[in-house]
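Right, one structure below, let's go through it.
Every number in this text was worked out from the coordinates using simple rules, so none of it is lab data. Since the structure is predicted, the reported quantities are computational estimates derived from the model, not experimental observations. Don't worry about glycine lacking a Cβ; one is built from the backbone with ideal geometry, like all the others, and counts go over all protein chains shown.
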């Protein structure tokens, strides 16, 4: 049975709200932004897996805008120049969260495909944060550190555990008969 656009939009709204709520449950938070959350990106990734990259990118973009709106006051308080601030907002929020929509790229290849797609999406998000970090840390990098190396270490400190947790929960969900029907429709 084919779902109507309205029911898909309703499901997207629910999953974006769930992801936004989960993003507020922080297990670990770093001072210049970035945190390990309670699988906050999984709902958006699940949408991309269920409905494909088109719907995934759309939902991920809305999720990105919400993440930006929830964090903009904090980022504005860092005292960044206008150009660094704009780069940070675009790379760390809009682009970094929107790429989560690519999680559905290999969805037709079973469990390996969805794990690959989610890992790719999370890797693209990490890349966005690393590029943003190079811009940000070029201004305020600790003495003796290369901005690129510091950005890799800093952003990897929360994105690698976040990716591992998300993929492990996804593997668990994909192995349950109840969710297997939903994911591999």
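Below is a table of values for the structure above.
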quantity	calculated
Relative contact order computed over segment 1-87 (Cα-Cα under 8 Å; 6+ residues apart), in percent	23
Mean Cα-pair separation over length for the chain, i.e. relative contact order, pairs under 8 Å, 6 or more apart, %	21
0 to 90° range, to nearest 10: angle between helix 42-51 axis and the chain longest Cα axis	50
Rough spin-label spacing in nm, given labels placed 7 Å along Cα→Cβ, for residue 127 and residue 65	2.5
Centroid-to-centroid separation of segment 44-94 and segment 110-180 [C-alpha atoms, Å]	15
Helix 147-175 vs. the chain, principal-axis angle (Cα, 0 to 90°, nearest 10)	20
Helix axis angle, 110-140 relative to the chain longest principal axis, alpha carbon, degrees	20
Ranked 28, 6, criterion: other C-beta atoms within 10 Å, fewest first	6, 28
Residue-span extension gain [residue 179 to residue 9] - 0.36 nm each, minus C-alpha spacing	59.2 nm
Helix-only mean residue ellipticity at 222 nm for the chain, each DSSP H run of n ≥ 4 adding -39500 (n - 2.57), per residue, nearest 500	-23500 deg cm²/dmol
Extension gain (nm, one decimal) between residue 171 and residue 2, 0.36 nm per residue minus Cα-Cα	58.2 nm
